[in-house]
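What follows draws every value from the coordinates through simple rules; no lab data is involved. Keep in mind that this is a model prediction, so the values were computed, not measured. In this analysis, Cβ positions are derived from the backbone assuming ideal geometry, glycine residues included, and neighbour counts consider all displayed protein chains.
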Amino acid sequence: MPQATYHFPKGFLWGTATSSHQMEGNNTNNNWHKWEEEGHTAHKSGLAADWWGGRWREDFDRAAETGQNAHRLSVEWSRIQPTPDIWDEDAIEKYRSMLRGLKERGITPMVTLHHFTDPLWLGEMDAWETEKVIPLFEKYVRKTVDALKEYCTLWCTVNEPNVYALQGYVIGDFPARHKGLKMAMTVLANTLHGHAAAYRAIHEIQPEARVGYAHHHRPTAAKRSWFPLDVLMSKIRFNAVNLGFPSGISTGVMKTPIGGFSVPDAKGTQDYLGINYYSTDTISFNLSKPGQLFTHHEYPKDADVSDHGFAANIPAGLFATIKWAVRRYPNLPIIITENGIEDSTDRMRPRYLAQHLHQIWRAVNFNWPVKGYFHWSLVDNFEWERGWNQRFGLWGLDIDTQKRIRRPSVDFYAEICKENGLSSEMVQKYCPEVFEKIFPS
């Protein structure tokens, strides 16, 4: 049996990712709370993981004790600016305490400034549907970064803007006022302008800052490679989902399914590219699905699929995603800002984790500049319209008692973080079923 260790570069960031609404609890002044109250979600977030009540301390202890040296979290706009004319200094101080807590534990913070949620007052102004949001977002960013700059230099302006636009304004699972593909692309363009304004504001306040965003990347593959319509639909869907923000930042023109949007202010506004990768879609042409751009997406019949069919374990897609990023942005640092799997039993997570980290190691050995990995997530959290049906945490959560449940993946990821690598011994111990795929004899 082969014995080896795949080591990662010195200084590699090993962490987990979370977001405010999914973790804090009692977050009642934003559009997602309203969406929950209107009955659009499987469950309500309630206390979530009770971070606003102080449970972040024990969870940060767990992260530090298990070798993590970084953590990605978000701050809640509606807490910091509860009304257009009020800044909540107590809320800001709570976030300062959280970041100070990370630094005291030797953990590098990455702060996301917008992770799907908007203040209620912003929603009443149509949120990101008009350009009025751009100076409002910049004002919030300036206030927040100035308050937190003592503890953070790594900033993520917005999380998954493509998901925010498509899930809300096209699919309808996220809160949105005026739906339709044209509105979705307008929202995406305004978000890109907001990102650009935030990028410049952050560098003005903190010149040494590293600023980027978290891009949800979803590779596609034609179901029937011999059928031209499947190939065409796969390409159309790939472009529609993946190219908005990247094209705007590359060229100053955001490419969308309904044409280009001029965003000259966005060109070059990233110091790193954050990548959120979960799975790869198999695409076929389907005339009955105009709302899905006449495409049907599925996973291969023999795929290793998660609890509720949310994702398939397709690690090669992560390698392909990194390759795509390197070709588009040569030499730009890449951070895997999210990667994980829903798995309440923790039977799939170890092999998913091992196989995806192996693909990152392969990328690093092509000298591709991958600088860190944030697993989604540290603790089970509220998964948006899916509520508590999906369990992504290394640590489980009993939502009735707030008890944390140690899953085997906690120890697996701890060994990886502490070794700064993935060893054959670890794989044999935690997921022997994929040993030959990672360490072929």
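Report the label-to-label distance for Asp271 and Arg57 in nanometres (one decimal), using points 7 Å from each Cα along the Cα→Cβ vector.
3.2 nm
For segment 139-272, what is the per residue volume of the convex hull drawn over the alpha-carbon atoms, in cubic angstrom? If you can, show how the numbers build up before the last one.
On the way: hull volume 16.6 nm³, N = 134.
Taking only Cα atoms, segment 139-272 has a hull volume of 124 Å³ per residue.
I want the local charge near Pro290. Using Cβ-Cβ distances under 15 Å, sum +1 for each Lys or Arg and -1 for each Asp or Glu among the other residues.
Working: positive: Lys179, Lys182, Arg237, Lys289; negative: none.
Combined, the nearby Lys, Arg, Asp and Glu give +4.
Can you order the peptides 219-225, 86-92 by their average number of other Cβ atoms within 10 Å per residue, highest first? Kindly include the intermediate steps, with their values, before the conclusion.
Working: 219-225: 17.4, 86-92: 13.6.
Packing order, densest peptide first, comes out as 219-225, 86-92.
Using a Förster radius of 41 Å, what is the FRET efficiency between Glu150 and Asp302 based on their Cβ-Cβ separation? Nearest 0.05, please.
Numbers: r = 52 Å, r/R0 = 1.26.
Taking R0 as 41 Å, the efficiency between Glu150 and Asp302 is 0.20.
Quick one: what Rg and Dmax do you get for segment 304-434 from the alpha carbons, in Å?
Expressed in Å, the Cα Rg and Dmax of segment 304-434 come to 15.3, 48.
So for segment 5-438, averaging the separation of alpha carbon pairs under 8 Å that are six or more residues apart and normalising by length, what relative contact order in percent results?
Values: 878 pairs, mean separation 80.1, N = 434.
Dividing the mean separation by the residue count of segment 5-438 yields 18 percent.
P(r) for segment 1-136, please, calculated from all Cα pair distances in 10 Å bins and given in %.
Spelled out per bin, shortest first, that is 11, 36, 29, 16, 6, 2, 0.
Please work out how much length the chain gains when fully extended from Lys235 to Arg200, using 0.36 nm per residue of separation minus the C-alpha to C-alpha distance, in nm with one decimal. Kindly include the intermediate steps, with their values, before the conclusion.
Numbers: separation 35, 0.36 × 35 = 12.60 nm, distance 3.32 nm.
Taking 0.36 nm per residue and subtracting the Cα distance, the gain is 9.3 nm.
If you consider only alpha-carbon coordinates, what radius of gyration and Dmax does segment 161-201 have, in Å?
For segment 161-201, the Cα radius of gyration and maximum Cα-Cα distance read 10.7, 33 Å.
Compute a Gaussian network model of the chain, connecting alpha carbons closer than 10 Å, and tell me which residue from Pro330, Pro264, Pro246 fluctuates the most.
Pro330
Å³ per residue of the Cα convex hull, for segment 275-375? Don't skip to the end; give the middle numbers.
On the way: hull volume 12.2 nm³, N = 101.
Considering the Cα atoms of segment 275-375, their hull volume per residue is 120 Å³.
Any chance you could run the full-extension gain for Ser441 through Glu104? It's 0.36 nm times the residue separation minus the Cα-Cα distance, nm to one decimal. Could you put the intermediate results ahead of the total?
On the way: separation 337, 0.36 × 337 = 121.32 nm, distance 4.35 nm.
Stretched fully, the Ser441-Glu104 segment lengthens by 117.0 nm.
Would you calculate the separation in nanometres between label points at Asp173 and Leu332, each defined as 7 Å from the Cα along the Cα-to-beta-carbon direction?
If labels sit at Asp173 and Leu332, their model points lie 2.6 nm apart.
Considering only Cα-Cα distances, which of the following residue pairs are longer than 28 Å: Lys44/Lys429; Lys301/Lys437; Lys289/Lys323; Lys223/Lys437; Lys267/Lys418? Before the final figure, lay out the partial values.
Numbers: Lys44/Lys429 37 Å; Lys301/Lys437 20 Å; Lys289/Lys323 31 Å; Lys223/Lys437 24 Å; Lys267/Lys418 38 Å.
Result: Lys44/Lys429; Lys289/Lys323; Lys267/Lys418 exceed 28 Å.
Under the rule of at least 5 residues apart or a separate chain, name every residue whose amide H is placed under 5 Å from the amide H of Ile405.
When sequence neighbours closer than 5 places are left aside, the close amide H contacts are Gly396, Leu397, Asp398.
Please give the net charge around Thr5, taking every other residue with its beta carbon less than 9 angstrom from that of Thr5, where Lys and Arg add +1 and Asp and Glu add -1.
-2
Which value, in Å to one decimal place, does the Kirkwood hydrodynamic radius take for segment 5-438 when every pair of different Cα atoms is included? Numbers along the way, then the final one.
Values: mean 1/r = 0.0457 Å⁻¹.
Evaluated over segment 5-438, this radius sits at 21.9 Å.
Count the net charge of all other residues whose Cβ sits under 11 Å from the Cβ of Thr251, scoring Lys and Arg as +1 and Asp and Glu as -1. Can you show the working numbers first?
Values: positive: Lys255, Lys267, Arg328; negative: none.
Charge balance near Thr251 sits at +3.
For the chain, modelled as a Gaussian network with Cα springs under 10 Å, which listed residue fluctuates most, Asn242, Asn69, Asn367?
It is Asn367.
Using only DSSP helix segments of four residues or longer, with each worth -39500 (n - 2.57), what per-residue ellipticity at 222 nm results for the chain after dividing by its residue count and rounding to 500?
Details: 16 runs with 167 residues, N = 441.
Computed mean residue ellipticity for the chain: -11500 deg cm²/dmol.
Multiply the residue gap between Ala42 and Asp126 by 0.36 nm, knock off their C-alpha separation, and tell me the result in nm, one decimal place.
27.8 nm
Straight-line reach from Lys94: which aspartates and glutamates have a Cα under 18 Å away, not including same-chain ones fewer than 8 places off?
Within the straight-line limit of under 18 Å, Lys94 reaches these aspartates and glutamates: Glu24, Asp50, Glu58, Asp59, Asp61, Glu76, Glu104, Asp146, Glu150.
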